[in-house]
Each structure stands twice: as structure tokens, then as C-alpha cells.
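The structure appears below as C-alpha cells.
The values are calculated or read from the model by the stated rules, or taken from the named source; none is laboratory data. Computed from a predicted model, the values in this text were never measured in an experiment. Cβ sites come from the backbone with ideal geometry, for glycine too, and all protein chains shown count toward neighbours. What goes into the accessible areas is simple: the full protein's heavy atoms, side chains included, and nothing from ligands, DNA or RNA. Shrake-Rupley method; radii C 1.70, N 1.55, O 1.52, S 1.80 Å.
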Amino acid sequence: MIKSLKISIFTMLLLVAGCNTGLSEEQMALHENYEKTYEPAQIGNLEAVPDIEVIDGITYVDGILVVNKDIPLPADYSPGLQPEVIEAYQEMFQAGAEQGLDFILVSDFRTYDYQAQLYDNYVARDGQEAADQYSAKPGHSEHQTGLAIDVGSPDSASNLTVSFGDTPEFQWMKDVAHEYGFIIRYLEGKEDITGYMYEPWHLRYVGEEAAAIYESGLTLEEYLGID
Ligand SMILES: [Zn+2]
């Protein structure tokens, strides 16, 4: 976000400079390049403009991979659970164990095809409208990124249900997950923004930026300015 803000300020300076006649060719080129890249309405807007890049069909906003109901992944994107995620959750589970807490990994990486099967089963069972509240369409699951995990406790009755939020495991985890690079992705009261019901068990690895996101109390979409 800071980077985007810097770009906006830089642009405003350019625009101010544009009022003078003494622009060098290099400055003019920069200016023109800027105007090609951004909509005029955004010029001079002090709100940070999200830096959105799509590389091989994968969307990054300010360098963070984003998947949601609007932003898909390619069907053939199949990276497996990422090593930094494995390391992070193992460390967090270990730290929890030292507090007498017991975590289990309920689910992690899913392929596009597996998500398609799950989604079809949910639609067959509950109907599409209900299924869309808790399940992603194929290509729209964070589990396909290899950066998301679902965690639970040995009290398996609460796993993958909102009551996981009442377990001692969650009560500890909600305030430390960011120290391990995780955010609770689908927050309570933010259903309109994320498109999903509250999922205390679903963690998304974002790395160092997790702390700032946690402190903000915002969803990933709000934090990145794409809500
Ligand atoms: Zn999940």
C-alpha cells in the first residue's frame, strides 16, 4: 500500500511538473507512460491505487497473490502446499503445544479438479445458493494456491464449524497467527466483502504483511483496496 501511495504522490508531482514547459523528453515519456497505465479518474486521488499484476493468469495485488469469488486461478495451477506454509504451521502448532493446545491440520492444498468434485457434491446436497456461502467454485478456492490451510482441534465435532471459534485453540491462535505469517481470511461480520461465511478455521499465509493486516482488522480485500 505504501508503494502505491508513493506512486500516487510521484504522479501528482509529475502532474505539477506538467504545468511547466521545461519538461525533459525523459520526463515527458514517464508522464505519457503513466497516463497510458492509469485511468484519469485515479490521477490525483490520494487514496492508494492498488498495484494489480496478472502473471500467467495469477493475480497479485501489491505483490500478494489474491483469489476470491471475482478473481480466479488457472485450472492447471497446481503448486502443492508451499514449503513456507508447512514450516509456518508446524511452528505455530508447536508453540500451541507448549501452551497445552492441540492443533490438527484438517485440509491443505486442493487441485482444481478436487475442488470441482467438492463443489458439485455440495451443490447436489444443499443447492447452489447455500453451497456458495461456504464452498468455492473450482478455480476460486484459496486452497488451490498452496497458501491456505484449515486447522482444527482434537474436539473434532467443532472442526470446520463456527464453534471452532470457541475452542481454546482458536482463542489463542486468533492473536498469534500473524506472527507466523497467517491471517484469518474469512472474518466474522465481513461476509458481504469476502462472500463467505465466518470461517475461524481457514488460514491464509501471506508472510510478513500478516501483522499489518491483523492490526488493521480488515479483510484482505479491504486492506489491499480491492473490496
Ligand atoms: Zn479452507
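Mind ranking Tyr186, Tyr122, Tyr214 by accessible surface for me, highest first, 1.4 Å probe?
On the way: Tyr186 15, Tyr122 65, Tyr214 90 Å².
Largest to smallest exposure gives the sequence Tyr214, Tyr122, Tyr186.
Remark: region 50-61, residue by residue, has Karplus-estimated 3J(HN,Hα) of x, 8, 9, 10, 10, 10, 6, x, 9, 9, 10, 10 Hz, where x stands for each Gly or Pro and the curve is 6.51 cos²θ - 1.76 cosθ + 1.60 at θ = phi - 60°. Would you tally the net charge around Ser153, using a Cβ to Cβ cut-off of less than 9 Å, leaving Ser153 out, and scoring K and R as +1, D and E as -1? Taking every other residue near Ser153 into account, the sum is -3. Label point of Ile52 set 7 angstrom out along Cα-Cβ; within region 72-100, amide nitrogens under 15 Å from it belong to 72-73. From zero up to wherever the largest Cα-Cα distance of region 83-224 sits, split into 10 Å bins and tell me the percent of pairs in each. Reading upward from the zero bin: 12, 41, 37, 9, 0.
Phi-derived couplings, Karplus 6.51 cos²θ - 1.76 cosθ + 1.60 at θ = phi - 60°, listed residue by residue for region 200-216: x, 8, 9, 10, 10, 7, 10, x, 4, 6, 4, 4, 5, 5, 4, 4, 6 Hz, with x used for Gly and Pro.
Applying the Karplus relation 6.51 cos²θ - 1.76 cosθ + 1.60 with θ = phi - 60° to region 127-136 yields 3J(HN,Hα) values of x, 5, 4, 5, 4, 5, 6, 10, 10, 8 Hz, where x marks Gly and Pro. Give the residues of region 149-182 whose amide nitrogen is closer than 15 Å to a point set 7 Å from the Cα of Gln94 in the direction of its Cβ. The answer is 180-181, whose backbone nitrogens lie closer than 15 Å to the label point.
Which distance in nm do the two modelled labels at Ala75 and Thr161 give, with both placed 7 Å along the Cα-to-Cβ direction? About 3.6 nm separates the two model spin labels. Rolling a 1.4 Å probe over the protein heavy atoms leaves Asp108 with an accessible area of roughly 50 Å².
Per residue, the accessible area of region 146-227 comes to 40 Å², computed with a 1.4 Å probe over protein heavy atoms only.
Grab the beta carbon distance between Glu179 and Glu222, set R0 = 25 Å, and tell me the FRET efficiency rounded to 0.05. That gives a FRET efficiency of 0.70. What is the list of residues in region 82-108 whose amide nitrogen lies under 20 Å from a point 7 angstrom out from the Cα of Gln171, following Cα to Cβ? Backbone N within reach: 93-104.
The residues of region 49-114 expose on average 54 square angstrom of accessible surface per residue, using a 1.4 Å probe on protein heavy atoms.
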